[in-house]
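A short worksheet on the structure shown next.
Nothing in this text is a laboratory measurement; each read-out follows from the coordinates by a stated rule. This one's a predicted model, so the numbers in the text were calculated from it and none came from an experiment. We place every Cβ from the backbone using ideal geometry, glycine too, and count neighbours over all the protein chains shown.
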Amino acid sequence: MSPTTVAEALLRWLWCGLLLAGMGLGLSAAAAAPATTPATPPTTPPVDLATTGMEPVLLVTSMQVLKQLHENDDTGAADVLHQPGWLAATDRNRNSAWRPATVWLTGVVRNSSAEPLTRWIVVKPRRIREVTLEVFEPDSPVAARPDRITRAVEPAFAVTVPPGGSLRLVVRTQDVTIPTATVEAWVPEAYSDATRWTLVREAIWLTVCLLMVGLLLWTKDPVNRLLAGWLGSVQFFQASFQGLLLPSVWPGIADDLVPAFVVAGALSFCFSTLASRTLLNIGRDGVWAWVLGGLNVLALLAAGATLIVEHSVLPRAAVTVLGLAIALVWPVVAWHTPLPQLPGARALRWAFLLCWLNLLVSVLMIRYGHSMRFAGLTLLGILVIYTRVRAMAAATDRQLHEHLALHDALTQLPNRVRGRQVLEQAIQRATAKPSEGVGLLCLDLDRFKHVNDTYGHAAGDALLRAVAQRLQACLGPGDTACRLSGDEFMAVLPGVTSHAQVIARCEAVLAQFAQPFDIEGVHLFISSSVGAAVFPEHAADAESLMRHADTALFECKRGGANQHRLFSPDMNARLTAYVNTRTALHLALEQREFELYYQPQIRLEDGALVGVEALVRWNRPGQALNQPGEFIPVAEESGLIAPIGAWVLHEACRQAADWHRDGLHGLKVAVNVSALQFRSGTLVQNVTDALAASELPAHCLELEVTETVLMGKEAVALHTVQQLKALGVSLSIDDFGTGYSNLAYLHRFGFDRLKIDRSFIRRLGHGTEDQAIVRAILQMARHLNLRTTAEGVENAETAQRLAHLGCDEAQGYHYTQPLAAAALDRWRKGFQQLPAAA
């Protein structure tokens, strides 16, 4: 058996023992009869009513008491006065809680004045089923006047004492349970005033409680609703247990006051337990939740039994015992429950502890007819503390929201909004000091996406936090680092006096970032690009300064990684041209501004036209014909190369199909494929759609890719190549020799053609080194069964050298420049097959 199981078993046995002990105490108290000793008929000293003035007189201290069981309750008052067993009317002797009984009280009052005195004889507590008052002459066995009041709110009898005379009062109380009864004598006017003020006081307090309950319910806060239920149940208990207002305004409830206050008491236990559970987690989990929950459920069931049983002694006793058990268990549970991490939690626990102490005292005193004392005050204290706690929590949440609104949640650095505020403040201070300026750095991590793709976003987040710490370490006192978005950061450098200071700070940042980052045991190397601008030389306001620093950063990213740039006005011109080109490209496809030009590919062996390479041109309105180098880089950076490449593919296939229908059945069309287009995942489908739409045979289409397209995700690239080869499309590797020249790629990806870059062809006749390189490439291609095409052939001598070295095909201005389809048709008709170049 585990230690946890043993502990839970011990707690269950302890709880059962506590419950049995409490019930035993209650039953023993119910069964125990007060000690009776033989006594003579009552001989009580008289109480002089003439000397008391307007104040009420407590008669019970000068009275004697006799208790009888219900089976002997048919005895008359005259007979009872001559029975033995009369005792002094102490608290214990007057109490008959938890068993049906009849309690007799007798005493003598006299009037020493010369005028008759009328007094109201009031019997308290107010919730006794039947009260009878009989008045005797002190020495006469015959009652002068019997008065009977049944189920009265507050039994009160008018008694007139003659001048110089005396009267014996015999009070008979009868109920299933009789708490300690008290008898008082009141002046009629004083009693009326006291009753009236009691009703007014209860009405005021009830109104306040109803308003508080309404406000608590109106807030729609679950805790406030629990406190409202608690306050309402406590107030209803007091109103039904001892109050005068409720029976006065609702006479029909007079017969049901006992079940009403029992149910209200059980509900107060339940609401108080739920409130402490919600606010302080007391009794929320574990065995204590079962203990407190079980006690409250049993108390509610016992209270509900008082509504259906005729004699409610046992259910009322059970509710009292269970309430005592709840009041004893709650502090133990509170002691075992750690305080929640909330402002004011300790004060709340002390307020609840005071409330539970009041509840414990109330449960112990309720059998003597005393109601819950100070319950409203303790509840009010809890409400005040909880309101303060809510205010503190709201203030904390507001501060947190303000912090989150101005700071980055991941790195805790100021965000873009706060960074701009800091920059504006620094510019304001620099404006007042003309000798000082403000430097601004915009920093971006190079190839940060590779970290996320390789190691996951958790490692990427850890790297960003490390970057934030390292950037702060690079800055001086008074400088502020900010995170703008993603992997982009900003640093505000107030008080700079020269551009050299800003450049030195850029170099320090690059030097720090050159060191590896230790992320979860992995050393990561990542460089950065930094763009800088200075106020007031480069901009006069924060918005322009940030824009110019970002422009310098853009220049860094275009020029390569791990660089820094200081803003200069010509950067704006280049950026403006870039943005205008990118905007115009969006409209170029819709407005059909692109056009394909074709450069012939000639077989060197016999000078025959065997293919063409499709090259895109842009008829940009208001400008000369744009060459690919003027807009393709912008299209690649902006992502527009994918739709442009798809259009080129469809248009080239359509034109090649037209040529085939004109009789050029062996003519191949070569189309360049960019890296972005190749990795988009839609290339195979685009090729399939283009071939189907144009009805061009697949073997007449050749796709040209560079080595950089294949680098990185080689498995994905290989799968794409295999799908293209399955369609019957030819593949050639373009610009061979200028990149990595990875021979493994040639073998693994199954290329059909190798195109030698024009840089080698241009220098072919100027030295032996370039000729040796071209010869090596051609020999390697021949051994790998690859056809070869030389780009950039400018003259016949170069064509002859290539034919002599074994090159298969050539293209270049020696034959013709790239031509539109119609111009190519005219060129082809006038083209005569050249003699073999060999």
When only DSSP loop residues count, what GluC sites (Glu not before Pro) in the range 449-547 have their Cβ near at most 16 other Cβ atoms within 10 Å?
Glu520, Glu537
Loop-located trypsin sites (Lys or Arg not before Pro) in the range 168-215 whose Cβ has at most 15 other Cβ within 10 Å (DSSP)
none
For the range 412-426, in residue order, the Karplus 3J(HN,Hα) values (coefficients 6.51, -1.76, 1.60; θ = phi - 60°; whole Hz; Gly and Pro = x) are 6, 7, x, 8, 4, 5, 5, x, 5, 4, 4, 5, 4, 5, 5
Of the peptides 588-601, 444-457, 323-336, how do they stack up when ordered by the mean number of other Cβ atoms within 10 Å, highest first?
323-336, 588-601, 444-457
Per its Cα gyration tensor (rounded if a/c is under 1.5, else prolate when a/b beats b/c, else oblate), the range 584-665 is best filed as prolate
Per-residue HN-Hα couplings for the range 651-668, Karplus 6.51 cos²θ - 1.76 cosθ + 1.60 at θ = phi - 60°, whole Hz, x for Gly and Pro?
5, 5, 5, 4, 5, 5, 5, 4, 5, 5, 5, 7, x, 8, 6, x, 6, 9
By average C-beta atoms within 10 angstrom, highest first, the peptides 548-556, 778-786
548-556, 778-786
For the range 564-614 and the range 682-727, what is the centre-to-centre distance using only Cα atoms, to the nearest Å?
22 Å
Phi-based couplings in Hz for the range 455-466 (Karplus 6.51, -1.76, 1.60; Gly and Pro marked x)
10, x, 6, 5, 5, x, 5, 4, 5, 5, 5, 5
Yeah, the range 396-553 with a ≥ b ≥ c from its alpha-carbon gyration tensor (a/c under 1.5 is rounded, else prolate when a/b outruns b/c, oblate otherwise) is oblate
Counting only residues 5 or more apart in sequence or on a different chain, those whose built amide H sits under 5 Å from that of Leu703 are Val671, Ser730, Leu731, Ser732
So which of Lys713/Lys755; Lys449/Lys755; Lys725/Lys755 end up more than 29 Å apart, counting from Cα to Cα?
Lys449/Lys755
Please label the shape of the range 161-237 as rounded, prolate or oblate, based on the square roots a ≥ b ≥ c of the eigenvalues of the alpha-carbon gyration tensor (a/c under 1.5 means rounded; beyond that, a/b larger than b/c means prolate, else oblate).
oblate
Kirkwood-based shape ratio for the range 621-742, expressed as Rg/Rh from alpha carbons:
0.98
Mind ordering 395-408, 630-643 by average Cβ neighbours within 10 Å, highest first?
630-643, 395-408
